[in-house]
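Peer 1: Before I ask anything, here is the structure I am working with.
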Amino acid sequence: SPVMRDDYARMVEIANEGSRELGFADTGALWRSGYDMPADDFAAETDRLWAKVKPFYENLHCYVRARLNAKYGDAVQPDHGAIRADLLGNMWSQQWGNIYDVVAPPSGGASSYDLTELLKAADYDATKMVKTGEGFYVSLGLDPLPQTFWERSQITRPRDREVVCHASAWDLDNADDIRIKMCTNVNGDDFYTVHHELGHNYYQRAYKNQPMLFRNGANDGFHEAIGDFVGLSALTPTYLNQIGLLKTTPGAEEDIPFLLKMALDKIAFLPFGLMVDRWRWDVFSGETAPAAYNTAWTADMLQYQGLVPPGPRPANAFDPGAKYHVPGNTPYTRYFLAAIYQFQFQRAACKQAGWTGPLHRCSVYGNNEVGARFNAMLQMGQSQPWQEAMKAFTGDGGNDASAIADYFAPLNDWLQEQNRGHQCGWSAA
Ligand code: X8Z
Ligand code: ZN
């Protein structure tokens, strides 16, 4: 989106002016200030978390690269160095689940089901997807959505006008007028996104009785993690079987295919979730000038994700402009945090439910005790430092990357096995 660059540079100036009037060095400093800790500590905290999960990402990167090399050959994708960003099945290379079929375990054991196909076979439409999402929250003991939600939400793409289709959730009156705005398609990705968006709405409604200033998420990562946590249960084969979508209950042979599919979305996302704001922090601070916007973006992609564009970028390229949150000026580190938090929530919830099996097979569907404790955290809103909200539901004192590590542990072992004899990693130079 080359035409956007100068407008974006101007927006950065205006946003910085406002941030300075509020006493911050720049907009990046303002954004880093929302975490109940000194802003410098927050940047270091995200570094610390990234260092913990980076070995997992490198193992996934290494495995996917080898499979892409096997499929496309050395001329397209070498078996060393960075991965070509256009081979990963997503316009921003932020989640790679769409190439599951390309990288599925080589020795048989391919996943026995595809959620998109199950939804289509069961004749789901957009409304049924949202009803199903609501059903999960209701199963936890939370109230059904109000009638106005169904009357006023945009659930499908209108046929008579252009709209922004990027999914969002809204709270119109700080009370009960909650809505989503999506162009829902019947596929596995949107099935998940429905649960994500409803998480925002359920959070909003739960904290509506707080004083005005506290009607918000404990931090913005919490807001993003609520629905993702619910989605972790809603994607399990056990749950899909309970609601009649999946006719079989897969056994242990399904663990690696399932975890690989999840990792292509959740683990692959981690460096992307970090790099968007690493790029913007430098833009807002002036470290990256407008003329260097695109080269800095490409350099951050290489450093954090180990990805390269398929060829040289044109001199006037402005690739970050294609990511909704960049022109929209929505902070992005929230999604990195949510990718960590949702597994902390899941580990705690499954423990509350008395689950002793592998974490990735756990579903808390229908568990009222978990629902009550979950809702208690939601109702706190922003009335306490986020660390207190975290403690209330999970007992954890802060950000803890060990939960995502627990969830993916069997896959990480498997990836290391697959990668044996390969030189993993890439050079960011
Ligand atoms: O923007 C979103 C949500 C709306 S809050 C659909 N997400 C990020 C993205 O699409 O880039 C969810 C995952 C990350
Ligand atoms: Zn969201």
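Peer 1: Would you please list the contacts, defined by Cβ atoms under 6 Å and residues six or more apart or on different chains, that run from a residue in the stretch 318-337 that is more than 14 Å from ligand 2 (Cβ to nearest atom) to a residue that is small (Gly, Ala, Ser) and not in a helix (DSSP H, G or I)?
Peer 2: Phe318/Ser1; Gly321/Ser1; Ala322/Ser1
Peer 1: Do any helices (runs of 4 or more DSSP H) lying entirely in the stretch 186-299 carry at least 2 residues that are within 16 Å of ligand 1 (Cβ to nearest atom), crowded, with 21+ Cβ neighbours inside 10 Å and within 15 Å of the chain's Cα centre (by Cα), and which ones are they?
Peer 2: Numbers: elements: 188-206, 220-234, 237-242, 255-285.
Because the criterion is at least 2 residues that are within 16 Å of ligand 1 (Cβ to nearest atom), crowded, with 21+ Cβ neighbours inside 10 Å and within 15 Å of the chain's Cα centre (by Cα), the helices (runs of 4 or more DSSP H) in the stretch 186-299 that meet it are 188-206, 220-234, 255-285.
Peer 1: So, in the stretch 1-27, exactly how many residues are within 27 Å of Pro314 (Cβ to Cβ), small (Gly, Ala, Ser) and in a helix (DSSP H, G or I)?
Peer 2: Residues flagged as within 27 Å of Pro314 (Cβ to Cβ), small (Gly, Ala, Ser) and in a helix (DSSP H, G or I) within the stretch 1-27 amount to 2.
Peer 1: Scan the stretch 327-336 for residues that are more than 10 Å from ligand 1 (Cβ to nearest atom) and buried (at least 23 other Cβ atoms within 10 Å of the Cβ) and report the count. Reasoning before the result, please.
Peer 2: So the first thing to find is which residues in the stretch 327-336 are more than 10 Å from ligand 1 (Cβ to nearest atom), and the list is 327, 329, 331, 333.
The next check asks that each one be buried (at least 23 other Cβ atoms within 10 Å of the Cβ); those that pass are 333.
Total satisfying the criteria: 1.
Peer 1: Sticking with this one: Is one or more of the residues making up the stretch 262-271 basic (Lys, Arg), within 24 Å of Trp414 (Cβ to Cβ) and within 16 Å of ligand 2 (Cβ to nearest atom)?
Peer 2: Of the stretch 262-271, the ones basic (Lys, Arg) are 266.
Those still in the list that are within 24 Å of Trp414 (Cβ to Cβ) too: 266.
Within this subset, residues satisfying the condition of being within 16 Å of ligand 2 (Cβ to nearest atom) are 266.
Looking through the stretch 262-271, at least one residue is basic (Lys, Arg), within 24 Å of Trp414 (Cβ to Cβ) and within 16 Å of ligand 2 (Cβ to nearest atom).
Peer 1: Which of the residues that make up the stretch 110-163 are at pLDDT below 95 and touching a strand residue (DSSP E or B) at 6+ places or on another chain (Cβ under 8 Å)?
Peer 2: Initially, the stretch 110-163 is screened for residues at pLDDT below 95, giving 110-114.
Within the stretch 110-163, none qualify.
Peer 1: While we're on this one: Mind counting the residues in the stretch 15-57 that are crowded, with 19+ Cβ neighbours inside 10 Å and among the basic types (Lys, Arg)?
Peer 2: Result for the stretch 15-57: 1.
Peer 1: Return the residues of the stretch 58-97 that are part of a helix (DSSP H, G or I), under 22 Å from the mean Cα position of the chain (by Cα) and of a type in the set (A, V, I, L, M); say none if nothing qualifies.
Peer 2: Selection gives Leu60, Val64, Ala85, Leu87.
Peer 1: Taking Ala405 as the residue in question, decide whether it is of a type in the set (Gly, Ala, Ser), within 16 Å of ligand 1 (Cβ to nearest atom) and under 23 Å from the mean Cα position of the chain (by Cα).
Peer 2: So Ala405 fails the test.
Peer 1: So, one more: Could you give me the residue pairs with C-beta distances under 7 Å whose first residue belongs to the stretch 73-94 and is modelled with pLDDT of 95 or more and of a type in the set (Asp, Glu), whose second residue is part of a loop (DSSP other than H, G, I, E, B) and more than 16 Å from ligand 1 (Cβ to nearest atom) wherever it lies, and which are 6+ apart or on separate chains?
Peer 2: Qualifying pairs under 7 Å: Asp86/Pro310.
Peer 1: Still on this structure, I have one more. Give the residue that is nearest to ligand 1 (Cβ to nearest atom), with candidates limited to residues of the stretch 55-108 that are touching a Lys or Arg at 6+ places or on another chain (Cβ under 6 Å) and among the aromatic types (Phe, Trp, Tyr).
Peer 2: The extreme case among them is Trp92.
The values are calculated or read from the model by the stated rules, or taken from the named source; none is laboratory data. Treat the numbers as computed from the prediction; the structure is a model and nothing was measured. Glycine gets a Cβ as well: all are built from the backbone with ideal geometry, and neighbour counts include every protein chain shown.
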